[in-house]
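**Q** The structure follows.
The values are calculated or read from the model by the stated rules, or taken from the named source; none is laboratory data. These numbers come from a predicted model, not from an experiment. FYI the Cβ positions are ideal-geometry reconstructions off the backbone, even for glycines, and counts take in every protein chain you see. We work out accessible area using only protein heavy atoms, side chains counted, and drop any ligands, DNA or RNA first. Shrake-Rupley method; radii C 1.70, N 1.55, O 1.52, S 1.80 Å.
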Amino acid sequence: MKNKRAFFVIPYVGWMTLFVVAPIIIVAVYAFTTAGGEFTLDNFSRMGTYASVFLRSFELAIIATLICLLIGYPLAYVMAKEGPRFQRIAMVLIMLPMWMNFLLRTYAWMSLLENNGLINQAFSALGIVDLSNAINGGLNSFCAWLNSGLLEWVNGLLGSDFVLNTARPTDQTFIRMLFTQGAVVLGMVYNYLPFMVLPIYSVLVKMDNSLVEAARDLGANTSCVFRRVIFPLSLPGVLSGVTMVFVPAVSTFAISKMLGGGTQLMLGDLIEMLFMGSAYNPNLGAAISIVMMLIVVICMWVMNRFGEGEEQAVIL
Amino acid sequence: MSKELIRLVNCSMAFDDELVLDNINLYINDSEFLTLLGPSGCGKTTTLRIIGGFTTPTAGEVLFDGVRINDVPPHLRQVNTVFQRYALFPHLNVFENVAFGLRIPKAEEGGDAEGKKKKKVKIPEREIKERVMEMLEVVSLKGFEHRHITELSGGQQQRVAIARALVNRPKVLLLDEPLGALDLRLRKDMQNELKRIQQQMGITFIYVTHDQEEALAMSDTIVVMDQGKIQQIGRPEDIYNEPKNAFVADFIGESNILDGIMHEDYVVEFFNRKFKCLDKGFAPMAPVDVVIRPEDIDIVPEAEGQLKGTVTSVTFKGVHYDTIVDFKGFKWLIQTTDFHPVGETIGIILNPDDIHIMHKSQYSGMFGDYSSYSEEYDEMDDVTLLDEEDEDEEDERHEE
């Protein structure tokens with residue numbers, strides 16, 4: 001019996017070996033060799049140069065993941081509580097963007113966020129651009145006042161030279177949105193939100209309602225029930241949602257390239273450049289990939305420790 | 001004499017136009033063990049949920065200590081529940097499950113006047129520990145406090161659920177078929193355990209079950225329910241010995257139920273023969289239901305019997321034989337320690353105190369014949385639909 005069952009696994013094991021395990025080994029080999037094929041640790045020692053890229057990648061991915069969680073959890077919660085009709089409609093709305101091509105979606109955002117794109121046109125029509133100029137002007141004079149007053153005194157006291165920015169633009173004709181960090185985060189949230197909502201929803205919808213009743217019976221009000229029963233029990237869903245958003249977000253390159261416009265270089269872009277582009281150096285690219293993988297694995301491992309309990313949703 | 005604690009006044013409950021509870025009137029005394037007994041769908045769990053605050057009756061009032069509590073949410077009621085499937089928190093261990101209610105800051109007692117500033121008070125950690133350990137001892141689970149819920153057997157989980165509810169020192173403990181998931185042996189043990197805990201703590205237990213043996217064994221008061229109505233309220237002995245209608249007689253224990261006519265006080269006729277009985281106060285020649293418990297019937301040689309019948313089946317039950325006897329087409333169940341083979345013709349004698357007389361009700365003719373699925377049974381079923389005359393004062397409670 002056992003042998004027979006093992007037989008069915010062979011195709012998958014073969015596939016995995018050929019297309020997952022072997023490539024990882026090849027990447028590792030590349031990472032530890034020079035272009036000529038000799039062993040070296042050079043690729044790793046040069047990693048420090050790219051610390052800012054690592055930092056930015058993880059920072060943006062973490063921000064995007066948090067925003068997804070803050071938007072996704074309440075949505076999943078409401079969906080799980082509502083009737084099947086609401087659930088069906090909400091599910092379609094969540095999935096709808098995913099049925100569209102990824103590039104198309106992102107191009108659409110590009111033209112929306114453009115300096116004279118739809119959103120900016122609406123903003124100037126509504127006077128938001130002017131408002132922003134006015135606010136910037138106000139902030140500038142307030143900062144100038146602080147610089148000449150309070151900060152001067154502080155600097156004199158500490159011997160430091162803190163100066164606040166007084167050069168915020170006050171003559172904008174549009175608000176710059178495209179090619180900013182915000183645009184990259186927006187693109188990540190937009191693309192990965194469903195991956196946060198769905199696992200949380202599936203945990204919440206399966207939760208035994210008698211647990212909620214038991215908590216209320218024991219004296220917990222609504223917020224207490226949520227804090228002490230519903231949220232802890234939904235953690236497996238939260239963890240797998242976080243994983244499913246964070247991992248692709250940290251390694252994305254298309255989103256940062258299209259919405260960040262090269263000003264927001266992320267790990268994905270860097271690796272792409274090293275393998276395919278101008279700065280051709282696959283050995284270094286392989287090393288960066290390995291380091292990124294390790295950091296992600298460590299992050300996930302730490303997270304799963306937090307999730308304790310034996311029913312971990314995602315174990316890498 | 002104990003004082004009244006909870007009262008349901010004209011409570012009705014409807015889900016999507018379906019009446020689940022039909023005008024329930026019931027009061028529950030302090031420190032009593034009251035059982036809501038009935039088949040599934042009779043409204044017993046709904047009644048319990050109304051008392052617990054999980055459902056609000058569509059009509060009627062719920063009073064607790066004389067105060068209307070219809071709109072008081074569950075977390076503000078002095079009532080705790082042991083749920084059917086325990087509903088233990090899987091992310092907490094035994095200790096934390098039991099401590100759950102204690103860790104929630106409570107509005108200070110004494111400042112109970114509504115609208116006043118309620119100061120939330122936290123119970124100090126030492127007291128929590130003391131009370132949890134004390135309660136674990138009451139339910140015989142000392143030493144299990146660090147166990148995970150998933151590592152416990154059904155009976156142990158049951159005890160945790162009871163401890164978790166009782167540790168809050170509620171005035172009333174609600175139990176929704178708490179022993180349903182346990183095997184027979186464990187169930188018997190837990191019955192004794194529950195009764196012991198109830199007496200030890202001296203609080204009110206409201207217990208929901210469909211198991212009549214359980215109800216008889218544990219309760220001070222039994223409320224028999226069917227179709228959203230209370231059929232009878234009384235002490236276990238009263239319910240067993242003086243069932244109010246055919247449903248109660250059949251649901252509590254085994255009963256042979258026959259059509260009879262009350263000729264005068266103390267004289268009833270059935271099978272064209274007059275018998276002496278102990279009941280009175282019926283209208284002359286009133287049609288009645290006659291209940292004869294299978295264990296009350298004495299089998300005698302054919303010639304000496306008041307009635308004669310033929311044995312059609314015998315089943316050995318350990319202590320006794322379940323003997324089915326055919327009396328002119330109506331089959332009786334007789335429980336006797338003597339063996340009478342199939343085909344034997346026997347006589348029976350009925351003493352006056354073996355015969356219980358009930359008013360006719362909507363249930364007349366539906367129960368009490370042991371020739372299951374025979375043609376006569378179906379015929380009788382049809383007949384009863386015609387005489388649904390009196391659903392007599394079913395909301396009234398026996399005074400005892």
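**Q** Please go through (1) open to solvent by less than 70 Å² (accessible area, probe 1.4 Å); (2) closer than 30 Å to A:Gly237 by Cα; (3) hydroxyl-bearing (Ser, Thr, Tyr) for A:Tyr190 and return the number of the only condition it doesn't satisfy.
**A** Result: A:Tyr190 passes all but (1).
**Q** To continue, here is another question. What strands (runs of 3 or more DSSP E), lying completely within the stretch B:312-362, carry at least 2 residues that are touching a strand residue (DSSP E or B) at 6+ places or on another chain (Cβ under 9 Å) and of a type in the set (Ser, Thr, Tyr)?
**A** Of the strands (runs of 3 or more DSSP E) lying wholly inside the stretch B:312-362, those with at least 2 residues that are touching a strand residue (DSSP E or B) at 6+ places or on another chain (Cβ under 9 Å) and of a type in the set (Ser, Thr, Tyr) span B:321-327.
**Q** Could you tell me which of the residues A:Leu239, A:Leu259 is open to solvent by less than 10 Å² (accessible area, probe 1.4 Å) and either outside any helix (DSSP H, G or I) or farther than 30 Å from B:Leu175 by Cα (or both)?
**A** A:Leu259
**Q** Now for a different question. Please state which of the following conditions B:Glu130 fails to meet, knowing it meets all the rest: (1) over 24 Å from the mean Cα position of the chain (by Cα); (2) surrounded by fewer than 20 Cβ atoms within 10 Å (Cβ to Cβ); (3) in a loop (DSSP other than H, G, I, E, B).
**A** (3)
**Q** Next question. Report yes if A:Ser251 is more than 17 Å from A:Ile71 (Cα to Cα), open to solvent by 30 Å² or more (accessible area, probe 1.4 Å), within 14 Å of chain B (Cβ to nearest Cβ) and modelled with pLDDT under 95, otherwise no.
**A** no
**Q** Another question, if that's okay. Kindly check whether there is at least one residue in the stretch A:128-143 that is open to solvent by 70 Å² or more (accessible area, probe 1.4 Å) and of a type in the set (D, E, K, R).
**A** Yes: one or more hits.
**Q** Among residues belonging to the stretch B:74-84 that are facing chain A (nearest Cβ under 7 Å) and not β-branched (Val, Ile, Thr), point out the one that is surrounded by the most Cβ atoms within 10 Å (Cβ to Cβ).
**A** B:Asn80
**Q** Which of the residues spanning the stretch B:145-157 are more than 14 Å from chain A (Cβ to nearest Cβ) and either β-branched (Val, Ile, Thr) or part of a helix (DSSP H, G or I) (or both)?
**A** Matches in the stretch B:145-157: B:Gly154, B:Gly155, B:Gln156.
**Q** Continuing with the same structure: Among the residues that make up the stretch B:38-50, is at least one of them within 8 Å of another protein chain (Cβ to nearest Cβ), open to solvent by less than 10 Å² (accessible area, probe 1.4 Å) and outside any strand (DSSP E or B)?
**A** Initially, the stretch B:38-50 is screened for residues within 8 Å of another protein chain (Cβ to nearest Cβ), giving none.
Scanning the stretch B:38-50 turns up no residue that is within 8 Å of another protein chain (Cβ to nearest Cβ), open to solvent by less than 10 Å² (accessible area, probe 1.4 Å) and outside any strand (DSSP E or B).
**Q** Select the helices (runs of 4 or more DSSP H) contained entirely in the stretch B:171-288, then report the ones holding at least 2 residues which are modelled with pLDDT of 90 or more and open to solvent by 20 Å² or more (accessible area, probe 1.4 Å).
**A** Because the criterion is at least 2 residues that are modelled with pLDDT of 90 or more and open to solvent by 20 Å² or more (accessible area, probe 1.4 Å), the helices (runs of 4 or more DSSP H) in the stretch B:171-288 that meet it are B:184-201, B:212-218, B:236-241.
**Q** Restricting attention to the stretch B:328-338, does a residue exist that is modelled with pLDDT under 85, surrounded by fewer than 16 Cβ atoms within 10 Å (Cβ to Cβ) and either within 33 Å of the chain's Cα centre (by Cα) or small (Gly, Ala, Ser) (or both)?
**A** yes
**Q** Can you tell me which of A:Ala214, A:Ala220, A:Ala286 is farther than 26 Å from A:Met98 by Cα, away from chain B (no Cβ under 14 Å) and not β-branched (Val, Ile, Thr)?
**A** Of A:Ala214, A:Ala220, A:Ala286, the one residue that is farther than 26 Å from A:Met98 by Cα, away from chain B (no Cβ under 14 Å) and not β-branched (Val, Ile, Thr) is A:Ala286.
**Q** So if I check each of B:Ala87, B:Ala59, which one is touching a Ser or Thr at 6+ places or on another chain (Cβ under 6 Å), over 19 Å from B:Tyr207 (Cβ atoms) and either open to solvent by less than 50 Å² (accessible area, probe 1.4 Å) or within 14 Å of another protein chain (Cβ to nearest Cβ) (or both)?
**A** Residue meeting the stated conditions: B:Ala59.
**Q** Give the stretch A:169-202 a look and list any residue that's charged (D, E, K, R) and modelled with pLDDT under 85, or say none.
**A** Listed by number, the list holds a single entry, A:Asp171.
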